[in-house]
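Quick notes on the structure that follows.
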Amino acid sequence: MSEVASDPESLEIEMNDSTLETAESQEIAPSLSELLKEIQGIVPPLWPLQDYVAVNPFFGLAHKSFLHTRQLYCGTRDCDLLMPRSYFQSQLKSGQISSDDIEQSLQQCVQEYPDQFAPLTALQVQNWMENDGSEAETERTVQTVAEHLDGQQESTLSSHIINDISR
C-alpha cells in the first residue's frame, strides 16, 4: 500500500481535491456540451462525400437572420456573402441601380433591421456606393489552429493543409 493511502489525513485531502476538481468539471461540462451541440448544428456533415457535396453551406443557420449569418461567416472566413462595393458602383454607373432602387432597398432594410439601418439615408447609401474607397480588409476575427501555429512558429502548415484537402 502507498504511503498516501495509509495516512487517513492525506486520503481525505486527496478526496476533497478530487471532489473539487470533479465539481468544477461538472460546471464546465454542461456549457461545453451545449456549445458543441450548437456548433454541430451549424457545421454541415462532411462524410460520406456524396452527402457533403449536396449539403447547403448554410446548414444549421436557417433560423438566423441573413445579417447574423453574414456576421458569423465574416468572423470565421475570408469571404463575404455580399457583392463587393465595385459591383454596386458599376451597377449604379450603368443605370441598373437607380436612386429609387436605393430608397426602396433602404426602406426594406429599415423594416427588417431597424437598429442597423434606421440612422441611414438613401443619399448616404448612394454616396457610399459611389465612393472609390478601397475594399474593406477582412472582418475575420477567428483563426484556425494551423493559422495560429503559422503565426507563432513561422511555418506554412495552413498551405500544406489546403494542398492536402484540395487533392
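The values are calculated or read from the model by the stated rules, or taken from the named source; none is laboratory data. All figures in this text were calculated on a predicted structure; none of them were measured in a lab. Positions of Cβ are generated from backbone atoms using ideal geometry, with glycine treated the same way; all protein chains shown enter the neighbour counts.
Taking the criterion of being free of Cβ contacts under 8 Å to residues at least 12 places away in the same chain and either under 28 Å from Val43 (Cβ atoms) or among the small types (Gly, Ala, Ser) (or both), the residues of the range 81-96 that qualify are Met83, Ser90, Ser94, Gly95. Please verify whether the range 130-138 includes one or more residues that are part of a helix (DSSP H, G or I) and free of Cβ contacts under 8 Å to residues at least 60 places away in the same chain. Yes: the range 130-138 contains one or more residues that are part of a helix (DSSP H, G or I) and free of Cβ contacts under 8 Å to residues at least 60 places away in the same chain.
Considering the range 110-141, the residues that are of a type in the set (Val, Ile, Thr) and at pLDDT 85 or above include one that is surrounded by the fewest Cβ atoms within 10 Å (Cβ to Cβ), namely Thr121. Counting only helices (runs of 4 or more DSSP H) that sit completely within the range 3-107, those holding 1 or more residues that are under 30 Å from Gln124 (Cβ atoms) and at pLDDT 85 or above correspond to 66-76, 85-93. Here Ala146 passes the criteria (1) part of a helix (DSSP H, G or I); (2) closer than 19 Å to Leu67 by Cβ except the one numbered (2). A search for C-beta distances below 6 Å between a residue of the range 97-125 that is without any contact (Cβ under 8 Å) to a residue 60 or more places away in the chain and any residue that is outside any loop (DSSP other than H, G, I, E, B) and among the small types (Gly, Ala, Ser), counting only pairs 6+ apart in sequence or on different chains, returns Ile102/Ala122; Glu103/Ala122; Leu106/Ala122.
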